[in-house]
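Working notes, beginning with the structure itself.
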Amino acid sequence: MAYILQKDNRYCVLDARSKVGWTLDISLATKFSDIKKAYNLLYMARKKLRGFQVVDFNLNKKSYGKSREKRESFSDLERMAIYNKCKGKCGICGKFVPYDEFTIEHIIPLAKGGTNMADNLQCAHRWCNFIKQDFLLRELCIRLIEIVLYQIECHIKGFIKNELKLTRKRKQKNYSTIKRLE
């Protein structure tokens, strides 16, 4: 299966230096063997590729949208196979998940063109799956890092303000002690 990035009659092209461009000739379009790679490029060059969509080259139809796959319930045998494939580890946080507590998580969310095929499924804690929602893992990591950096920045500013206040109080106390000694 091959995927391309398409917007109307334009197709995404990567040159020899991986520079993103577009062409009107579908035969020159860059073909991706893996849908993840196509979505990765679409995300990494989101400004330049605004409006482009991942399209199955062979079928020449969108890989998501109205024709996307529907969520389905998995049999006990399928759940066991997915759990064994992941060796009981959460695909998001990497920690052990008890068999009776794991949920099936889509690596590429159905909302973003993912499928219910075994290679797109992994086990996850219910909470990890809830946090990830319909983000790609890269998007989730970027958002979490932004949140953590913001919180660190806020706490550092508060810490510095408190330290400055304490330093001023110490200086005042030392100054008044010196005055008394004179």
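Readers should treat all values here as calculations from the given coordinates under stated rules, not as data from a laboratory. This is a predicted model, so every value here is computed, not measured. Because the Cβ atoms are built from the backbone with ideal geometry, glycine has one as well, and the counts that use them run over all protein chains shown.
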query = What 222 nm value per residue comes from the helices of the chain, counting each DSSP H run with n ≥ 4 as -39,500 (n - 2.57) and dividing by all residues, nearest 500 deg cm²/dmol?
reply = -13500 deg cm²/dmol
key: Net charge, ILE131 excluded, C-beta distance under 15 Å - Lys, Arg +1, Asp, Glu -1   = +1
inquiry  = Taking the number of other C-beta atoms within 10 Å as the exposure measure, put THR167, THR30, THR103 in order starting with the fewest.
reply    = THR167, THR103, THR30
query = Given a cut-off of under 8 Å on Cα pairs at least six residues apart, what relative contact order in percent is computed for region 3-62?
reply = 40 percent
query = Taking H as built 1.01 Å from N, whose amide H comes closer than 5 Å to the amide H of PHE135, not counting residues under 5 places away?
reply = none
task = With only Lys, Arg, Asp and Glu charged, each at its Cβ (+1 for the first two, -1 for the last two), find how big the charge dipole of the chain is about the Cα centre; round to the nearest 20 debye.
result = 1440 debye
inquiry  = For a Förster distance of 45 Å, can you work out the FRET efficiency between the beta-carbons of ASP76 and THR167, rounded to the nearest 0.05?
reply    = 0.10
query = What pairs in LYS37/LYS87; LYS48/LYS70; LYS7/LYS31; LYS31/LYS85 have C-alpha atoms more than 23 Å from each other?
reply = LYS37/LYS87; LYS48/LYS70; LYS31/LYS85
ask   = Listing CYS128, CYS123 from the residue with the fewest other Cβ atoms within 10 Å to the one with the most, what is the order?
value = CYS128, CYS123
message = Quick one: 3J(HN,Hα) in Hz for region 76-93, Karplus 6.51/-1.76/1.60 with θ = phi - 60°, rounded, Gly and Pro as x.
response = 4, 5, 5, 4, 4, 4, 5, 4, 5, 4, 8, 6, x, 9, 5, x, 9, 9
request  = Among LYS36, LYS157, rank each residue by its count of other Cβ atoms within 10 Å, from fewest to most, as a rough exposure measure.
outcome  = LYS157, LYS36
task = Can you grab the distance from the C-alpha centre of region 86-134 to the C-alpha centre of region 159-182, Å, no decimals?
result = 55 Å
key: Whole-number percent relative contact order across the chain, with pairs defined as alpha carbons under 8 Å at least 6 apart   = 14 percent
Residue-wise HN-Hα coupling along region 42-58, computed from phi with Karplus coefficients 6.51, -1.76, 1.60 (Hz; x: Gly, Pro) = 4, 6, 5, 10, 4, 6, 6, 9, 4, x, 6, 10, 6, 10, 6, 4, 5
query = Rounded, prolate or oblate: which fits the chain when a ≥ b ≥ c are the square roots of the eigenvalues of the alpha-carbon gyration tensor, with rounded for a/c under 1.5 and prolate only if a/b beats b/c?
reply = oblate
task = Assuming a ≥ b ≥ c are the square roots of the Cα gyration tensor eigenvalues, decide whether region 76-132 counts as rounded (a/c under 1.5), prolate (otherwise, with a/b larger than b/c) or oblate.
result = oblate
request  = Rank PRO98, LEU144, CYS123 by how far each Cα sits towards the positive end of the charge dipole of the chain (+1 on Lys, Arg Cβ; -1 on Asp, Glu Cβ) and give me just the farthest.
outcome  = LEU144
query = So what are the ³J(HN,Hα) numbers for region 129-143, from phi and the Karplus equation (6.51, -1.76, 1.60; θ = phi - 60°), rounded to whole Hz, Gly and Pro as x?
reply = 5, 5, 5, 5, 6, 10, 8, 6, 4, 4, 4, 4, 4, 4, 5
remark   = A student applying the Cα gyration tensor rule (rounded when a/c is under 1.5; otherwise prolate if a/b is larger than b/c, oblate if not) would label region 3-62 rounded
